[in-house]
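Any read-out appearing in this document is the output of simple, stated calculations on the displayed coordinates, not a laboratory observation. Keep in mind that what you see is a predicted model, and the values were worked out from it rather than measured. Note: ideal-geometry Cβ built from the backbone for every residue, glycine included; neighbour counts use all protein chains shown.
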Amino acid sequence: MEDSFGHRISYLRVSITDRCNERCRYCMPEEEQAWFAKEDTLSYEELLRAVRVGATLGIKKIRVTGGEPLTRPGAAEFCAELARIPGIEDIGISTNGTLLGKTEDGVTMARRLVKAGVRTANISLDSLDRAAYQRTTSRDLLPRVLEGIDAAIAAGFQSIKLNCVLMKGQTERELPALIHFAREKNALLRFIELMPVSTQDVLSEDNFLPVATAKKLVEQTTGPLTPLPDFHTNGPAAYHAVPATDQKLGFIGAMTNLHFCENCNKLRLTCDGKLRPCLGSFLEFDLRSVLRGGCTDAELAAFFHNVVARKPKEHDFRDNYQPNRKMIAIGG
């Protein structure tokens, strides 16, 4: 599949639940969250069928997301089924890390995921300060996150990325500690600008910290960073190296990088069955109705092609974007 701007679509982010055991202020509204009813959420069988058809169209990478995907029973078994689909070469998971260390019959969730064929883990880590972590997530779960990161390391993921959302008034003072922690854990640390994925209000002057400012603050500790234009992962991060240690740091500037969307290769499938060609766009298409309407695989493939054909050139986040659904209901 190729969109009208020459992007080859090979990456599908699959949300399996909108439920989460944390309440991050940039992801969910402060008021009570209305969860999807069970019957409105795609079954694992429906999700797997969509991925099978997508794989015949060039989808090679899957990232399982939520909400917090590990709150849905059977997540590891679902990943194992994904790994059996011909054409799927890479499976990753995005998680807040709180459940990676949970054991069942003496085996951690992290190890079960690796055994199921999950190769990479993206773990949210906005703070190493327990009080700050609790303020950000409304949960006192930092010790479980740190245990989960250790469980992920022990399980043998091929890659572990730590994702830190930049928040003015908090992240600045934690940059050295986060960098040191990531280096100790041999994890790839990425700093991500706030995006209006819950409300436009998160982009207030009091909250927003640009990646350029964060980079300058990092360099006060590390010295000038070395750009790594040829180093890429599957996302839009721009990577730099710390000269003294060769540690790699990623900066994801969706709001300030005007070239942010130029190499986008992804689609998103929400847990309630909407196929979205862009995170920062209102466009979404009802795949659930097609799946449950008795469609053939050929009709499902045509649906994918139609969505890709309508993929926008770039996101709308800079244009006073007002989310039509919260990030928790899209998939991280």
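So the values come out like this:
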quantity	calculated
Rg/Rh ratio calculated on Cα atoms of the range 1-72 (Kirkwood radius)	1.06
Cα-only radius of gyration and Dmax that characterise the range 1-160, units Å	16.4, 50
Charge sum, other residues only, whose C-beta stays under 9 Å from F285's C-beta, Lys/Arg counted +1 and Asp/Glu -1	+1
Burial ordering of S15, S43, fewest other beta-carbon atoms within 10 Å first	S43, S15
Cut-off of 10 Å, at most 14 other beta carbons, DSSP loop: longest stretch of the chain lacking such GluC sites (Glu not before Pro)	90-204
Surrounding net charge for T233, when Lys and Arg each add one and Asp and Glu each subtract one, Cβ distance under 9 Å	+2
The chain - mean residue ellipticity at 222 nm from DSSP helices (-39,500 (n - 2.57) per run, n ≥ 4, rounded to 500)	-9000 deg cm²/dmol
Hydrodynamic radius by Kirkwood, which averages 1/r over all alpha carbon pairs of the chain, in angstrom	20.2 Å
For the range 130-144 versus the range 86-129, the gap between their alpha-carbon centres in whole angstrom	20 Å
Residues F157, F181 arranged by fewest to most Cβ contacts within 10 Å	F181, F157
Exposure proxy ranking, count of Cβ atoms within 10 Å, fewest first, for T245, T41	T245, T41
Candidate lysines - alpha carbon under 28 Å from K216, same-chain residues fewer than 8 apart omitted	K161, K168, K185, K248
